[in-house]
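Trainee: What follows is a single structure, and I will ask about it in a moment.
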Protein chains: 2
Amino acid sequence: MNDVLKRLVIGRALRSDKLGETLLPKRIALPVFASDALSSVAYAPDEIFLTLSIAGLAAYSFSWKIGLIVVLVMLTVVASYRQNVHAYPSGGGDYEVATVNLGPRFGLTVAAALLVDYVLTVAVSISSGVQNAASAIPAVEGHEAVVAVGLVLLLMAINLRGVKESGAAFAIPTYGFMFAIIGMTVFGLYRYAFGHLPDVESAQFSIAPTSEFSQGFTGLAAGFLLLRTFSSGCAALTGVEAISNGVPAFKKPKSKNAATTLLLMGTVAVTMLMGIITLGNVTGLRFAEFPAEQLLRGGVPVGDGYTQHTVISQLAAAVYSDVRPLFYVTVAFTGVILVLAANTAFNGFPVLGSILAKDGYLPRQLHTRGDRLAYSNGIVLLAGFAIVLIVAYDAKVTQLIQLYIVGVFISFTLSQIGMVRHWTRLLRTEKDPAARGRMGRSRVINGFGLVMTGVVLVIVLITKFTRGAYIALIAMAVLFVLMQGIRRHYDRVRAELEPEDVNPPLPSRNHAIVLVSKVHAPTLRALAYAKATRPHDLTALTVAVDAEDARALQDEWDARGLDVPLTIIASPYREITAPVLEHVRDYHRSSPRDVITVFIPEYVVGRWWEQLLHNQSALRLKGRLLFEPGVIVASVPYQLRSSDRRRGDDDPTSSPGAFRRLAP
Amino acid sequence: MNDVLKRLVIGRALRSDKLGETLLPKRIALPVFASDALSSVAYAPDEIFLTLSIAGLAAYSFSWKIGLIVVLVMLTVVASYRQNVHAYPSGGGDYEVATVNLGPRFGLTVAAALLVDYVLTVAVSISSGVQNAASAIPAVEGHEAVVAVGLVLLLMAINLRGVKESGAAFAIPTYGFMFAIIGMTVFGLYRYAFGHLPDVESAQFSIAPTSEFSQGFTGLAAGFLLLRTFSSGCAALTGVEAISNGVPAFKKPKSKNAATTLLLMGTVAVTMLMGIITLGNVTGLRFAEFPAEQLLRGGVPVGDGYTQHTVISQLAAAVYSDVRPLFYVTVAFTGVILVLAANTAFNGFPVLGSILAKDGYLPRQLHTRGDRLAYSNGIVLLAGFAIVLIVAYDAKVTQLIQLYIVGVFISFTLSQIGMVRHWTRLLRTEKDPAARGRMGRSRVINGFGLVMTGVVLVIVLITKFTRGAYIALIAMAVLFVLMQGIRRHYDRVRAELEPEDVNPPLPSRNHAIVLVSKVHAPTLRALAYAKATRPHDLTALTVAVDAEDARALQDEWDARGLDVPLTIIASPYREITAPVLEHVRDYHRSSPRDVITVFIPEYVVGRWWEQLLHNQSALRLKGRLLFEPGVIVASVPYQLRSSDRRRGDDDPTSSPGAFRRLAP
């Protein structure tokens, strides 16, 4: 049943050698890895206008200036990361750059920041997508969190099926979104140039500045608000690092293809961002955080009756005032791209998780590829955390976005420091002037990137800390400590497992003990098998829970003429495990250099309800004996007829040719 | 933590040899085993008056006649059971009598009936007790089911502590109840004789007969109603069989003490029953099933505003109209005895369950004595079923009581048939005239008992079947089929386990396979141990989930100069279990007379979260290998330092002198 369901959801298992086929050409890699960065233009302009609204309409004239600074930062970051993908093509991305150049503690910091940000990418993008859908589909309204959780589960299922199929599935919406936004901008500016572009619906409102700005948009407060606006606008930069973490998924030449895709993505993203800001300015857009109180119609707040549509939907309604179907196309692509943007994280998180698991910072299970060759455990984990966030914040984008970005800029900044050190180190030994020239140029680019991202990080920390960023920072700190603890555990285990001697001294003797409860076929088989291992000595052991039963057993033992001595130990508290453990320990104390093999006869039944009808003391006893030094715990199974049912379950011969021997 | 809680609730573990001390003297056995039978006078008279009310006040004159017939049945049953406890003192009770004399199918029928009735005893008594409490304590009203469930859990805990303590705890309330009811009767009749006894509060009402009896109390309908009333009154007989099932818990001479206790109980019960019915008649009591509609004040129904108190509380209020504190004492003892009556079932159910488990009709775990020497699993099971009933019927006595009695009379009747056959069989061989006389007398008593209980069973079936008894019958049928199925399973397993040959042919050779994932200390220890068992041949086996890892392993294997050949098997689907199984099966197919020992190196960690950090593939593999014939699964544990924490957990040396060796 369970298995059938699994096959339906994720498809049949793939052989390991199919792995090579899941590499991506540029035209597919762009939608897979860039949907996050591109989709953020669906909420970054909203955040810019929304934050400026606090100071009233007076501040709106700064919107395009802030947009230009964001574009400058974006282009700088893209230029910097083009250096990264060439220097570190293995997919470790920022984590690898920081680890190699700054040491494992900085690497771990970057990793923690990125893991938290991946989760937030899913939560923010899905929530934003659902809120867009809600403004078009009334049925979704009020159930945003439920729909968002459903979409996360859908993405999880798609990704468990494997990366390639998801790439193909995401190409159309991503390209569709790009053409929709750029097309809207071009057509809007064309109409504006000829004076035919109508205002947006919100142009009729004025905006009430908060009391802080009642004296006008001046002073320190104004400066701080501009910084905050800039911070929010920087949401447009999230997702740029996705490509540098995803280099191994590219077709060869990997680095070159990744760098080209990165540049393409940056160009498209800034074009779309500036297009939307420009359109907003020429159509008289007003966009507020609390529209009911902030937006005024004739000096009076509009109240709860007014539903504020997203920026893109308002612009599309104005630009396509005569071609209504194109409005729907634009909004639909926006909603879909936002949901699909979360897929970037589903590509990045599991890969980073598997690298961290390989390095011993996360449980090993994250490094295991599932039936479809995806890192299934990482995918499930990401979906789980994202669902927790969505439920906790009830899928509210404006609240979730406060936790966002800080992690991205921590990783940007540390990565750029690392890159500067990287080039400096290379320059120390490089003699070839041409190569030195290239390296020097790269170092300048990364140095500029460092300054830029460092400044943005400080601005983000100052303006967002108390508004939610502290939660993200706490999550990163917890992850950091956890990952260090896991690594320490694995290190300790590895050290303990390190053999002192390749050929340890052989145990002098092997004492065999066969546990007996009744004289039946499993017991006799266990005795025969124990004899076949030719131990130094062999005894049968029984625990006398009931004195009468024990006497009966001794009598039958003697009557059957069994040639193995039977030891009976008392158990006044009717326990099985403790007396056996004590007996074995006595043995071990008296001859610590010997090995004791405890044979446990077990009969095996096939049905779950049959298991209930038999005491499970053998299982408990086996578990406890594992903690005794110098002991081998040997189960001698006796298969009852019903056990055949279970044996077929994973008969490997049912998948013909699946298993062949490699070496003798 | 868990262990501390367990010790607090049920006390420290008791040694098996403390078992003798939990036997009961008569003065304690009476309250322990008779509280059920005695307490039923708290609801049996209510049911008699309530059922007669259907025909209006005209039918009330039959109440004492019906009471007398119930007394006659009660005395007959007591006399019959005095024969049972002498003939079958082992505590098998009706189950043993029916099995021995009528065969296992009838024995099983009795067992199913009794098990169902024990559960109903708990549900009915506790519910009735809580409803009594509710009429005195307003806070309980509306939360009857919750309080009842709490009380069941309390009784469970008390019984898990062991039978003797519960006996002592129940003596005072039971004797208190006996004196309270008999004292009330004596004082009430004394006041009546001198004309000072006031009417009860409900004497002011008249009762509206249902439409069926609007023409008066005549015809077939009247006869049927009298039979139904009688059926309900027979609730007073429930619990009589408890003593015959509890003989082994009596002090010696067990049978004689049990028979005396039985007689004592019967006398007290009928005295109380007739006392209450008489008082009800002389104080003008009216008691209806639906008081709001049936009770009329001046020809008008009293409506929901009137709260009908239980019969005992109405009588006590009238009898003690001048001595109010004694009213409270009487009602309090009634409430408490009803709750404690359930304890009878907590003594009977686990013992019967353990006998059935010993006979293979129920899972063996029911035959295991817990830490305090009680049959813990049976106690927990009884509490669980009773809670289900209480929740399902919302602790409503009048509905639960319809399911009751039918099981008791099935077991009464079959038991009496069995006893008649018992005496007939004995008489066939007995020569001594004195003994023959005693046996003949016993046979007459049991024969009379058979006729009486048989007639009552038919009456109960006719009058109660559609009103709920069918549910109890279905439950019995399900139990019957289930127990037969379990027995068949155990029989089949026992037949399969029967050795064909006491000294089966020794396996010709022992092939050892050591599973290897890395070259570390656990692997080397497993290799050394495997060598110490001197197998016919020894190979190391690894599954190549990752081709690179496998190559690295082979290189290290060669580099270290290990003298055991390493076999590498491919696993294109990244599985561990299936390829190993297939390899082992190949081995077994090629030499089926040999035994294969699969050594699994396991490192053992002590903390639960450490377990999470290591793949659990060894556990799964061990579980699957058990289904393979000809295989020994040998775990070679390697204890990491943290495992010491767990080893101390059940160090038997911490209870000094607990374990001594019995035989060499």
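Trainee: Looking at (1) modelled with pLDDT of 90 or more; (2) in contact with a strand residue (DSSP E or B) (Cβ under 7 Å, 6 or more places away or on another chain), which one does B:Lys65 not meet, given that it meets all the others?
Mentor: The number of the failed condition is (2).
Trainee: Among what's in the range A:380-421 and is of a type in the set (Val, Ile, Thr) and surrounded by fewer than 24 Cβ atoms within 10 Å (Cβ to Cβ), pick the residue that is modelled with the lowest pLDDT.
Mentor: Initial filter on the range A:380-421 (of a type in the set (Val, Ile, Thr)): A:380, A:387-388, A:390-391, A:397-398, A:401, A:405-406, A:408, A:410, A:413, A:417, A:420.
Now restrict to residues that are surrounded by fewer than 24 Cβ atoms within 10 Å (Cβ to Cβ): A:380, A:387-388, A:391, A:398, A:417, A:420.
Values: A:Val380: 92, A:Ile387: 95, A:Val388: 94, A:Val391: 92, A:Thr398: 80, A:Ile417: 94, A:Val420: 94.
The qualifying residue modelled with the lowest pLDDT is A:Thr398.
Trainee: Select from the range B:485-505 the residues that are in contact with a helix residue (DSSP H, G or I) (Cβ under 7 Å, 6 or more places away or on another chain) and surrounded by 14 or more Cβ atoms within 10 Å (Cβ to Cβ) and list them in ascending order. Quick ask: steps written out before the conclusion?
Mentor: If we filter the range B:485-505 for residues that are in contact with a helix residue (DSSP H, G or I) (Cβ under 7 Å, 6 or more places away or on another chain), which is where we start, we get B:489, B:496-499, B:502, B:504.
B:His489, B:Glu496, B:Leu497, B:Pro499, B:Pro504 - these are the residues of the range B:485-505 that are in contact with a helix residue (DSSP H, G or I) (Cβ under 7 Å, 6 or more places away or on another chain) and surrounded by 14 or more Cβ atoms within 10 Å (Cβ to Cβ).
Trainee: From A:Thr424, A:Thr466, grab the single residue that is surrounded by fewer than 16 Cβ atoms within 10 Å (Cβ to Cβ), in a helix (DSSP H, G or I) and either outside the structural domain of A:Ala123 (by TED's automatic domain parsing) or modelled with pLDDT under 90 (or both).
Mentor: Values: A:Thr424 fails: either outside the structural domain of A:Ala123 (by TED's automatic domain parsing) or modelled with pLDDT under 90 (or both).
None of the other options fit; the residue is A:Thr466.
Trainee: Also, I was wondering about something else. Is one or more of the residues making up the range B:300-307 among the polar types (S, T, N, Q) and crowded, with 22+ Cβ neighbours inside 10 Å? Show your work before the answer.
Mentor: Filtering the range B:300-307 for residues among the polar types (S, T, N, Q) gives B:307.
Cutting the leftovers down to crowded, with 22+ Cβ neighbours inside 10 Å gives us none.
No, because not a single residue in the range B:300-307 is among the polar types (S, T, N, Q) and crowded, with 22+ Cβ neighbours inside 10 Å.
Trainee: A follow-up question, please. Take A:Ser53 and decide whether it is at pLDDT 85 or above, crowded, with 24+ Cβ neighbours inside 10 Å and in contact with a strand residue (DSSP E or B) (Cβ under 7 Å, 6 or more places away or on another chain).
Mentor: When the stated conditions are applied, A:Ser53 passes them.
Trainee: Residue check: is A:Val77 more than 17 Å from A:Ala235 (Cβ to Cβ), surrounded by 21 or more Cβ atoms within 10 Å (Cβ to Cβ) and of a type in the set (A, V, I, L, M)? Quick ask: steps written out before the conclusion?
Mentor: Values: more than 17 Å from A:Ala235 (Cβ to Cβ): no; surrounded by 21 or more Cβ atoms within 10 Å (Cβ to Cβ): yes; of a type in the set (A, V, I, L, M): yes.
So A:Val77 fails the test.
Trainee: Is it fair to say B:Ala345 is buried (at least 24 other Cβ atoms within 10 Å of the Cβ) and out of contact with any Asp or Glu (no Cβ under 8 Å at 6 or more places or on another chain)?
Mentor: Numbers: buried (at least 24 other Cβ atoms within 10 Å of the Cβ): yes; out of contact with any Asp or Glu (no Cβ under 8 Å at 6 or more places or on another chain): no.
The answer is no for B:Ala345.
Trainee: Oh, and also: So, B:Thr267, is that one of a type in the set (S, T, N, Q), surrounded by fewer than 17 Cβ atoms within 10 Å (Cβ to Cβ) and not in a helix (DSSP H, G or I) or not? Show your work before the answer.
Mentor: Working: of a type in the set (S, T, N, Q): yes; surrounded by fewer than 17 Cβ atoms within 10 Å (Cβ to Cβ): yes; not in a helix (DSSP H, G or I): no.
Spelling it out, it is not the case that B:Thr267 is of a type in the set (S, T, N, Q), surrounded by fewer than 17 Cβ atoms within 10 Å (Cβ to Cβ) and not in a helix (DSSP H, G or I).
Trainee: Now for a separate question. Could you check, for the range A:521-534, whether at least one of its residues is assigned by TED's automatic domain parsing to the domain that holds A:Tyr118, crowded, with 18+ Cβ neighbours inside 10 Å, within 30 Å of B:Trp557 (Cα to Cα) and of a type in the set (A, V, I, L, M, F, W, C)? Walk me through how you get there before you give the answer.
Mentor: Initially, the range A:521-534 is screened for residues assigned by TED's automatic domain parsing to the domain that holds A:Tyr118, giving none.
Looking through the range A:521-534, none of the residues is assigned by TED's automatic domain parsing to the domain that holds A:Tyr118, crowded, with 18+ Cβ neighbours inside 10 Å, within 30 Å of B:Trp557 (Cα to Cα) and of a type in the set (A, V, I, L, M, F, W, C).
Trainee: Then there's this: Quick one: count up the residues across the range B:360-385 that are more than 14 Å from chain A (Cβ to nearest Cβ) and in contact (Cβ under 8 Å) with a residue 12 or more places away in the chain.
Mentor: Counting residues in the range B:360-385 that are more than 14 Å from chain A (Cβ to nearest Cβ) and in contact (Cβ under 8 Å) with a residue 12 or more places away in the chain gives 6.
Trainee: When the residues of the range A:494-510 are narrowed to those that are in a helix (DSSP H, G or I) and of a type in the set (A, V, I, L, M, F, W, C), which ends up farthest from the other protein chains (Cβ to nearest Cβ)?
Mentor: Taking the range A:494-510 and keeping what is in a helix (DSSP H, G or I), we get A:494-497.
Subset that is of a type in the set (A, V, I, L, M, F, W, C): A:495, A:497.
Values: A:Ala495: 10, A:Leu497: 4 Å.
Residue satisfying both the conditions and the ranking: A:Ala495.
Trainee: Shifting gears a bit: Within the range B:151-184, how many residues are more than 19 Å from the chain's Cα centre (by Cα), modelled with pLDDT of 80 or more and surrounded by fewer than 19 Cβ atoms within 10 Å (Cβ to Cβ)?
Mentor: So the answer is 7.
Trainee: Now, a different point. Looking at A:Leu340, A:Leu315 in this structure, which one is modelled with pLDDT under 85 and of a type in the set (A, V, I, L, M)? Can you show your working first?
Mentor: Numbers: A:Leu315 fails: modelled with pLDDT under 85.
Just a single option satisfies the conditions, and that option is A:Leu340.
Trainee: Scanning for something part of a helix (DSSP H, G or I), facing chain B (nearest Cβ under 8 Å), under 49 Å from the mean Cα position of the chain (by Cα) and in contact (Cβ under 8 Å) with a residue 12 or more places away in the chain, does the range A:470-493 turn up at least one residue?
Mentor: Yes, because at least one residue in the range A:470-493 is part of a helix (DSSP H, G or I), facing chain B (nearest Cβ under 8 Å), under 49 Å from the mean Cα position of the chain (by Cα) and in contact (Cβ under 8 Å) with a residue 12 or more places away in the chain.
Trainee: Then there's this: Can you spot a residue in the range B:368-376 that is among the aromatic types (Phe, Trp, Tyr), modelled with pLDDT of 85 or more and farther than 25 Å from B:Ile48 by Cα? Steps first, please.
Mentor: At the first step, the residues of the range B:368-376 found to be among the aromatic types (Phe, Trp, Tyr) are B:375.
Cutting the leftovers down to modelled with pLDDT of 85 or more gives us none.
Within the range B:368-376, none of the residues are among the aromatic types (Phe, Trp, Tyr), modelled with pLDDT of 85 or more and farther than 25 Å from B:Ile48 by Cα.
Trainee: Then there's this: Having 3 or more residues that are closer than 30 Å to B:Ile182 by Cα and among the hydrophobic types (A, V, I, L, M, F, W, C) is the bar; report the helices (runs of 4 or more DSSP H) wholly within the range B:310-410 that clear it. Even if it seems obvious, please write down each step before you answer.
Mentor: On the way: elements: B:311-319, B:324-358, B:376-392, B:397-400.
It comes to B:311-319, B:324-358.
The values are calculated or read from the model by the stated rules, or taken from the named source; none is laboratory data. Just so it is clear, the model here is predicted, and its values are computed rather than measured. Neighbour counts run over all protein chains shown; Cβ positions are idealised from the backbone, glycine included.
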